[in-house]
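All remarks here apply to the structure that follows.
The values are calculated or read from the model by the stated rules, or taken from the named source; none is laboratory data. Bear in mind that the values here come from a model prediction, so they are computed numbers and not experimental data. Using ideal geometry, Cβ is built from the backbone for each residue, glycine included, and neighbour counts are taken over all protein chains shown.
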Amino acid sequence: MRPAPGEVLHFSEDPTITRFEPHVAATARQPGAYVWAVDATRAPDYWFPRQCPRAMAWVEPTTITEDRAWLGTDRVHVIEYGWLRRLQTARLYAYRFDAGAFRPFGEPPHAHVATTPVAPLGPPEPVGDLPDLHEAAGIELRLTTTLWPFWHRVTTGSLGFSGIRLRNAAPAP
């Protein structure tokens, strides 16, 4: 599930949203009110239940041979065993938006934001089976007791990485 050219996506477990209003998220690190969306490159970061903690890593052009070998593939998403059943049973929906209403956010950009209310281009689309979606995209999905050893390794190397909802992860050993 990725956006078509000229579109961005917002993923939600709520299939009833008809208009998205900018807001400041409770966990925001920036002061502005936004509607958040992602492009095709970052869409896989959101193929999870919303509150699921996940650590993700991928090979960059600048990734060194040792880090590439350690990762073992081009892209890996890691969740804790405690989230597996939720990943398997989540009903996730994708809302499509005209990308023209959004601007890139972050350096380098990792999301797209709108600062005015936006309406989806149509009804939300069921995303489907989330593990199957990862497999079809060639993204290795790994399970672990705790995210922290993986997270510490990727954040100190040359891989690209992202962590989402890490506050929901099991405590570090």
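Does at least one position in the stretch 59-72 carry a residue that is within 15 Å of Ile164 (Cβ to Cβ) and out of contact with any Lys or Arg (no Cβ under 7 Å at 6 or more places or on another chain)? Before the answer, list the steps.
Within the stretch 59-72, the first condition is being within 15 Å of Ile164 (Cβ to Cβ), and the residues that meet it are none.
No; the residues of the stretch 59-72 include none that is within 15 Å of Ile164 (Cβ to Cβ) and out of contact with any Lys or Arg (no Cβ under 7 Å at 6 or more places or on another chain).
Taking the options Trp47, Trp36, name whichever one is surrounded by 11 or more Cβ atoms within 10 Å (Cβ to Cβ), under 13 Å from Phe105 (Cβ atoms) and not charged (D, E, K, R).
Working: Trp47 fails: under 13 Å from Phe105 (Cβ atoms).
So the residue among Trp47, Trp36 that is surrounded by 11 or more Cβ atoms within 10 Å (Cβ to Cβ), under 13 Å from Phe105 (Cβ atoms) and not charged (D, E, K, R) is Trp36.
Residues in the stretch 20-31: is at least one farther than 21 Å from Ser162 by Cβ, in contact (Cβ under 8 Å) with a residue 40 or more places away in the chain and surrounded by fewer than 14 Cβ atoms within 10 Å (Cβ to Cβ)?
Yes, the conditions are met somewhere in the stretch 20-31.
Report, by residue number, each residue of the stretch 72-92 that is surrounded by fewer than 19 Cβ atoms within 10 Å (Cβ to Cβ), of a type outside the set (D, E, K, R) and either in contact with a helix residue (DSSP H, G or I) (Cβ under 8 Å, 6 or more places away or on another chain) or over 27 Å from Leu159 (Cβ atoms) (or both).
Gln88, Thr89, Ala90
Do we find that Val38 is aliphatic (A, V, I, L, M), touching a residue at least 40 places away in the same chain (Cβ under 8 Å), touching a strand residue (DSSP E or B) at 6+ places or on another chain (Cβ under 8 Å) and under 19 Å from Val113 (Cβ atoms) in this structure?
Values: aliphatic (A, V, I, L, M): yes; touching a residue at least 40 places away in the same chain (Cβ under 8 Å): yes; touching a strand residue (DSSP E or B) at 6+ places or on another chain (Cβ under 8 Å): yes; under 19 Å from Val113 (Cβ atoms): yes.
So Val38 passes the test.
Scan the stretch 98-120 for residues that are within 20 Å of the chain's Cα centre (by Cα) and either closer than 25 Å to Gly160 by Cα or exposed (fewer than 13 other Cβ atoms within 10 Å of the Cβ) (or both) and report the count. Explain how you work it out, then say what you get.
Of the residues in the stretch 98-120, the ones within 20 Å of the chain's Cα centre (by Cα) are 98-99, 102-114, 120.
Then keep just the ones that are either closer than 25 Å to Gly160 by Cα or exposed (fewer than 13 other Cβ atoms within 10 Å of the Cβ) (or both); that gives 99, 102-113.
Adding up the residues that qualify gives 13.
Where the second residue is modelled with pLDDT of 95 or more and surrounded by 14 or more Cβ atoms within 10 Å (Cβ to Cβ) and the first is among the acidic types (Asp, Glu) and assigned to a strand (DSSP E or B) and lies in the stretch 133-148, which pairs have Cβ atoms under 6 Å and are six or more apart or on separate chains?
So the pair list comes out as Glu140/Val76.
Of the residues that make up the stretch 158-170, is at least one out of contact with any helix residue (DSSP H, G or I) (no Cβ under 7 Å at 6 or more places or on another chain) and free of Cβ contacts under 8 Å to residues at least 60 places away in the same chain?
no
As an exercise: evaluate Val8 against (1) assigned to a loop (DSSP other than H, G, I, E, B); (2) among the β-branched types (Val, Ile, Thr); (3) touching a residue at least 12 places away in the same chain (Cβ under 8 Å); (4) within 22 Å of Thr116 (Cβ to Cβ) and give the number of the one condition it does not meet.
Unmet for Val8, out of (1) assigned to a loop (DSSP other than H, G, I, E, B); (2) among the β-branched types (Val, Ile, Thr); (3) touching a residue at least 12 places away in the same chain (Cβ under 8 Å); (4) within 22 Å of Thr116 (Cβ to Cβ): (1).
Let me spell it out: the conditions are (1) over 20 Å from Glu125 (Cβ atoms); (2) among the β-branched types (Val, Ile, Thr); (3) within 19 Å of the chain's Cα centre (by Cα), and Val35 meets all of them except one. Which number is the exception?
In the conditions (1) over 20 Å from Glu125 (Cβ atoms); (2) among the β-branched types (Val, Ile, Thr); (3) within 19 Å of the chain's Cα centre (by Cα), Val35 misses (1) alone.
Please work out if Glu7 is in contact with a Lys or Arg (Cβ under 6 Å, 6 or more places away or on another chain) and of a type in the set (D, E, K, R).
Numbers: in contact with a Lys or Arg (Cβ under 6 Å, 6 or more places away or on another chain): yes; of a type in the set (D, E, K, R): yes.
Against the criterion (in contact with a Lys or Arg (Cβ under 6 Å, 6 or more places away or on another chain) and of a type in the set (D, E, K, R)), Glu7 qualifies.
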